[in-house]
1. Give or take rounding to whole Å, what are the principal axis extents of the alpha carbon atoms in the chain, in descending order?
2. Looking at the chain, do any whole DSSP H helices span at least 20 angstrom along their long axis by alpha carbon and average 0.0 or above on Kyte-Doolittle, and which?
3. Between THR45 and HIS89, take the C-beta separation as r, use R0 = 35 Å, and let me know the FRET efficiency to the nearest 0.05.
4. Can you give the accessible area of HIS117, probe radius 1.4 Å, in Å² rounded to 10?
5. Note the full-extension length gain between LYS53 and LEU103 as 0.36 nm times their separation in residues minus their Cα-Cα distance, in nm to one decimal.
6. Which whole number in µm²/s is D for the range 1-57 by Stokes-Einstein, with the Kirkwood Rh taken over Cα pairs at 20 °C and 1.002 mPa s?
Amino acid sequence: MIVRMVRMLISLALLFAMLYGGKLLSILIPIGISDSIWGMLLLFTCLVIGVVKVEWVTPSARPLTRYMTIFFIPICAEIAEHIDILESHLASFVLANIFSTSLSLIAIGLFAQWVFHQK
């Protein structure tokens, strides 16, 4: 039991270290990318390179991802509170979503074709 708690605390400390590393990167490289995105990129890079093992992060990452939907409840409540603003700009939101989704699918398709033709 104590060993599991220690592993959980170490993995949580590692995730927080990546988050604060992302905060430092956003200060050093001020290009408009948020702290948490920098932290995820830092964690991804460390996982790919092998500096951080997946087993080190799993004890705290698994519960966080399992209950991630709970973190979106305040956002949904705020959207429901400001539904009138959403309704007034609904056409813009729908167009932006359709355009960005289409653009993403086209870009991914072109990139996949390029990758598959490289072989």
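1. Result for the chain: principal-axis Cα extents of 54, 51, 31 Å.
2. Details: long enough: 2-28 (38 Å, 1.77); 35-49 (21 Å, 1.95); 90-118 (42 Å, 1.39).
Going by DSSP H runs, the hits are 2-28, 35-49, 90-118.
3. Numbers: r = 37 Å, r/R0 = 1.06.
After rounding to 0.05, the efficiency reads 0.40.
4. Solvent-accessible area, nearest 10 Å²: 150 Å².
5. Values: separation 50, 0.36 × 50 = 18.00 nm, distance 3.48 nm.
Result: 14.5 nm gained on full extension.
6. Values: Rh = 11.9 Å.
Reported coefficient: 180 µm²/s.
The values are calculated or read from the model by the stated rules, or taken from the named source; none is laboratory data. All figures in this text were calculated on a predicted structure; none of them were measured in a lab. Please note: Cβ atoms are built from the backbone with ideal geometry, for glycine as well, and neighbour counts cover all protein chains shown. Please note that ligands, DNA and RNA were not included when accessible areas were found on the heavy atoms of the full protein model with its side chains. Shrake-Rupley method; radii C 1.70, N 1.55, O 1.52, S 1.80 Å.
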